[in-house]
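Trainee: Before I ask anything, here is the structure I am working with.
The values are calculated or read from the model by the stated rules, or taken from the named source; none is laboratory data. Given the structure is predicted, the values throughout are model-derived calculations rather than measurements. As a convention, Cβ positions derive from the backbone with ideal geometry for all residues, glycine included, and neighbour counts pool all protein chains shown. Side chains included, ligands, DNA and RNA excluded: accessible areas come from the protein's heavy atoms. Shrake-Rupley method; radii C 1.70, N 1.55, O 1.52, S 1.80 Å.
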Amino acid sequence: MTVRPLTLSFAPMDPHRLLSNAASSFLIGLFHSRAQSDVGSMPPVAVPQYLSNLGCMGAWSLDLISETWSLSCSLVESLGGGAENGNLGPDCLNFQAFIHPDDREFFDETLIAAKRLPGLRELKHRITLGQGGCVGVRSYIYGLGTAIGATCLVGIIFDTTHESQAAHSLRAMNERSKLALRESQDGLFDWNIPTGRVSYNVKAAELLGLAYGQLEDDFENLVALVHPEDQANTMATVERHLQGESSFLECELRIRFADGQYHWVQIRGKALCNLDGKPDRLVGLSTDINARKSAELALRESEDWLRGAVEGSFDAIQILKSKRDEAGAIVDFELLELNSRVEEIAGRSRADMIGKLLSEVLPSCRSNGDFEKYVRVVESRIPFEEERIESTKNLGTRWFHIQGVPVGDGISVTIADITDRKESERVLVENQRFIEKLATSLPEFVYVVDVQETVISYQNRDFLAELGYPSDMFAKGMLSLCDLVHLDDLQVCEEHRQAIRESADDDVVETTCRIRTANDDWRWFQIRSVVFRRDDLGAPLEVIRSIHDISARMQSEADLREKVRQLRVAETELRERQTQLEELNKRLAALATTDGLTGLYNYRAFQEKLAEETRRARRYGYPLSVVFGDVDDFKAYNDRFGHPAGDERLRQFALLLRDNSRDSDFVARYGGEEFAMILINTTAKDAAKCAQRVVDQLNRDIGHKQLTASFGCVQLEQDDMSTDDLIRRADECLYSAKRQGKNRVIVSTNATNVVAKTL
């Protein structure tokens, strides 16, 4: 992929350079052999005036024979002289004296070159002016003469001051443009419509979270970054702009950034048309507006949430805006918003009330005093609330709790239907009478107490007297019931009181605690509480409480808990012994199936596993191979290095077998230095490869204790009537490997043939 950076370049047409090229062509043509005779017929003093007709700054000639300078009138005037100056006549001025000191050496060298070899030469230099200062010029110098040297030099001069100023202005403008682009937070793009290639600046790549050069420059690939839901609308907007239906392209879409997330981006641009009037480029800016979109979405969600909360409220909610006269006094209220509950209470539709004045929707607001209350809330910024009975069109007579809260230059009025609560209060009074009669007949102590446990408003029997305390102890503020509770039970009692505060009307809150009698004895009591009366906000004020002496029961439960504890201790000891026995059985099972030296399975485990896998292989029809391996000349190794070294070598050999087998394979120590492997779902050929890897690794061990091993590999065949047949064939292959020189693998492909494999 070739990435072309987008650059801005400003190249205004240079009239001086065009004029210089024209002058150059003119001079070349002028001094060719055809025209040279015409100029040659002129005296040198007349040539500058002739050349000044080109519209340049001026012209000069230098007669090399008489070393006389001749300047055109226009050049003399540019240098600050003229006929009125007397001493600066056009035929007596030395032009060489006006060359800037820093450029004089270069100018003289050019003159010398023109003397030696006639031809056109171009150079840039500065000339000083008679009135002070200097200007930049471009000179064209031509030598007239023969092939062996010039006899006269002529020159034409063009002022490049404006050219330098334009170049300086161009550089400044480019620098300002680059600075503006660098500081801009927008990405710049240029889409070449015919080629489909898109150029961009560094900011455009950074906008997507990419390094410069990582962004695709193919238009189709960039379109693929647009969210699928926005692609159709975006391309339709672009197409309408390219068709000329809009003078400026502007759209908002989601683009996948480098982090894989979609961000909102605003695209603004304009199509540029070719000479045929067809758009061939689209240039513009891309701006990350994800933060703005997120804020708009959050605002909409907040508005929807607030609107849903108002609409979903069980209370009637209406928002009123003040209408004031010229003096600033509130003369009415406009209904800005209301929910469906207001429609239900008012018996009018929402459309019939929104935007109307309160006096139109509810004429009674002035007679019942609501208007004055609303005005006081708006002006004093102090909310109000009240409860009253209202007669409604649809609901009949109802109790309402009305609350007004100032909102801006208006008021929010909430109307809650509390008819049910008022009815509950009435029923509660009746129930209280019933409870009092019922409690009198109960054997428990029943009383009604305030939530602070200080005032008893009712009791069926004197509970305090039963404990040996004065009956009026609570009323006189001497003690509360909490003062009589055991210290260890204070937290329980506090939780009980908290549960009462959080309970519903029908909830029975129960607890047990110890209470001290007047004789300093501790007695257990079961306490059941239910809220009897609440305030207008639903907080408990009074509690009905029943107290039952459970000291005997608690003692029985304590005895039972002790017996249960003893039983659990015995159960714990039994489980520990059982665990120990299970661990012992596991160790015994491991000892029965594991070789103690190598950690591999032993002979017994191998026999059981082989029988099991043989049955399974025949049942499901997959290949099964058995590999027998034996360490070569192990007795000689033991005799030379000792049994400890031999044991260590066997352990290493066992580890090598395990590393070259799969988790599903079975590796065992068959006996002595002989090992066996059961390779499940493996042919004899693949089993031989496994064995050969072990042989190769042993051969790479070039230490002074080098060992080799021989292997025999067989695959389960139909002729193997038993596991003994399979073991016998594997053993035959192993001994065949021994007879053929050891350190090799022998594979048996059937029950009768034994084939040596050089692997």
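Trainee: Suppose we look only past 18 Å in the calculated P(r) of segment 311-463. What percent of the Cα-Cα pairs does that tail hold?
Mentor: Values: 7759 of 11628 pairs.
For segment 311-463, the fraction of Cα-Cα distances above 18 Å is 67 percent.
Trainee: So which aspartates and glutamates pass the test for K278, namely a Cα distance under 18 Å, with those fewer than 8 places away in the same chain ruled out?
Mentor: D190, E239, E245
Trainee: By a straight-distance test (C-alpha under 19 Å), which aspartates and glutamates pair with K586 as possible cross-link partners, with residues fewer than eight away in the same chain excluded?
Mentor: Within the straight-line cut-off, K586 pairs with E576, D595, E608.
Trainee: Under Stokes-Einstein, with the Kirkwood radius over Cα pairs standing in for Rh, what whole-number D in µm²/s applies to segment 553-679 at 4 °C and 1.567 mPa s?
Mentor: On the way: Rh = 18.5 Å.
Estimated diffusion coefficient is 70 µm²/s.
Trainee: Another question, then. Using a Cα-Cα cut-off of under 12 Å, which aspartates and glutamates could be cross-linked to K742, ignoring same-chain neighbours fewer than 8 residues away?
Mentor: Here the aspartates and glutamates satisfying the reach criterion relative to K742 are D630, D632, D633.
Trainee: Trypsin sites (Lys or Arg not before Pro) within segment 336-410: which are DSSP loop residues with at most 11 other Cβ atoms inside 10 Å?
Mentor: On the way: sites: R341, R348, R350, K356, R366, K373, R376, R381, R388, K393, R398; in loops: R348, R350, K356, R366, R381, K393.
Loop-located and lightly packed - R381, K393.
Trainee: How large is the accessible surface of Y458 in square angstrom, using a 1.4 angstrom probe and rounding to the nearest 10?
Mentor: Y458 exposes around 40 Å² with every protein chain in place.
Trainee: On to the next question. Indicate the gyration tensor shape class of segment 222-357 (rounded, prolate or oblate), computed on the Cα atoms with a ≥ b ≥ c the square roots of the eigenvalues: a/c under 1.5 is rounded; otherwise a/b larger than b/c is prolate and the rest oblate. Before the final figure, lay out the partial values.
Mentor: Details: a/c = 3.35, a/b = 2.27, b/c = 1.48.
Verdict is prolate for segment 222-357.
Trainee: A further question follows. Keeping every protein chain in place, order C134, C690, C482 by accessible area at 1.4 Å, biggest value first, i.e. largest first. Mind showing how you got there, number by number?
Mentor: Values: C134 70, C690 10, C482 35 Å².
Heavy-atom accessible area, descending, gives C134, C482, C690.
Trainee: For the pairs K323/K393; K323/K356; K321/K373, note any where the Cα-Cα span goes beyond 21 Å.
Mentor: Working: K323/K393 28 Å; K323/K356 11 Å; K321/K373 14 Å.
Check vs 21 Å cut-off fails for K323/K393.
Trainee: In sequence order, what are the phi-derived ³J(HN,Hα) couplings for segment 99-112 according to the Karplus relation 6.51 cos²θ - 1.76 cosθ + 1.60 with θ = phi - 60°, rounded to whole Hz, with x for glycine and proline?
Mentor: With coefficients 6.51, -1.76 and 1.60, one gets 6, 4, x, 6, 10, 5, 4, 5, 5, 5, 4, 5, 5, 4 Hz.
Trainee: Which ³J(HN,Hα) values, rounded to whole Hz and listed in residue order, are derived for segment 376-392 from phi using the Karplus coefficients 6.51, -1.76 and 1.60 in 6.51 cos²θ - 1.76 cosθ + 1.60 with θ = phi - 60°, glycine and proline given as x?
Mentor: Coupling constants for segment 376-392: 4, 4, 5, 7, 8, 6, 10, x, 9, 8, 7, 10, 7, 9, 10, 9, 9 Hz.
Trainee: Taking all protein chains together and a probe of 1.4 Å, list Y637, Y670 from the most accessible to the least accessible. Mind showing how you got there, number by number?
Mentor: Details: Y637 15, Y670 50 Å².
Accessible-area ranking of Y637, Y670, largest first: Y670, Y637.
Trainee: Sticking with this structure for a sec: Do any trypsin sites (Lys or Arg not before Pro) in segment 565-598 lie in a DSSP loop with no more than 15 other beta carbon atoms within 10 Å, and if so, which? Please list the in-between numbers first.
Mentor: Working: sites: R565, R568, R575, R577, K586, R587; in loops: none.
Here no loop site has a sparse enough neighbourhood.
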